[in-house]
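Worksheet: one structure, shown below.
A short reminder: the numbers here are calculations on the coordinates, not readings from a lab. From a predicted model like this one, the values you see are computed outputs, not experimental measurements. Heads up, the Cβs are rebuilt from the backbone with ideal geometry, glycines too, and the neighbour counts pull from every protein chain shown.
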Amino acid sequence: MENKVSIKISEADQKILNDAFQTIRDTFRKYAFTLSPKDRQDLPKMADGTEAFVIKALELATKNPQFNPPFMDLVEMKKDLDAYFEIKPFLTMAKQSWDEFSDTAMEAGSEAYVQALAFYNSIKLAVKMKIPGAKAIYEELKKRFEVSPKSNSGTED
C-alpha cells in the first residue's frame, strides 16, 4: 500500500489557516447573499458563455433606452454585472483552495480507511484461527458493516 500523504499540520499553521479563512468570511459576509437549494436550482445562471451576452445587452440597453422595459434598472444591472466580475476571481481562488483541501483530505482519509480495512481483515482471520482476544475486537469493528433490517413499509401482511 502506497502512502502518499504523510503530513501533520502544525497547530501554528492550523491557526493561520483558520484565521485567514475567518478573515475572508468576515470581510465578505457584508456582501454575501444566501440562497436556498430551490433558489439555486431555479435561478438563471450566468457563466462564461452568458457573460458576453449580458455585457452586450447592457451596452445596447444603455444606448437604446427607448427599448427598455419600464421595470428595468440599468444602474442596478451595471452594478450587478460589476459585482459579478469583482467576485469571479475569488471564486477561482476559492475553488483552487477547495480542490486542494478536498483532494488532500480525500487521499488522507482513503489511506487511513485502507489501513483500517487491512486491520479488520487481519482480525477476521485471527477470529477464524481462534486467536485469544481477537473476537472482542472483531465484534467492535464489525458494527460498521452491519446492515440494519429494512423497516416495515407500513403495510401489514
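Which percent of Cα-Cα pairs in the chain sits in each 5 Å bin, short to long? Going from the shortest bin to the longest, the percentages are 1, 6, 8, 10, 10, 9, 9, 9, 9, 7, 6, 6, 4, 2, 2, 1, 0, 0.
Taken along the Cα-to-beta-carbon direction at a fixed 7 Å, the label points for LEU60 and ASP99 span 3.5 nm. The value obtained for region 1-88, namely the Cα convex hull volume divided by the number of residues, is 195 Å³ per residue. A simple spin-label model places pseudo-atoms 7 Å from Cα toward Cβ; at LEU91 and GLN22 they are separated by 2.9 nm. Relative to the current alpha-carbon distance between VAL75 and LYS143, full extension at 0.36 nm per residue lengthens the span by 18.4 nm.
Neighbour counts of other Cβ atoms within 10 Å put ILE9, ILE137 in the fewest-to-most order ILE9, ILE137.
Only helical runs count toward this figure. For the chain, summing -39,500 (n - 2.57) over DSSP H runs of n ≥ 4 and dividing by all residues gives -23000 deg cm²/dmol at 222 nm. From the largest down, region 69-149 spans 82, 32, 13 angstrom on the principal axes of its Cα atoms.
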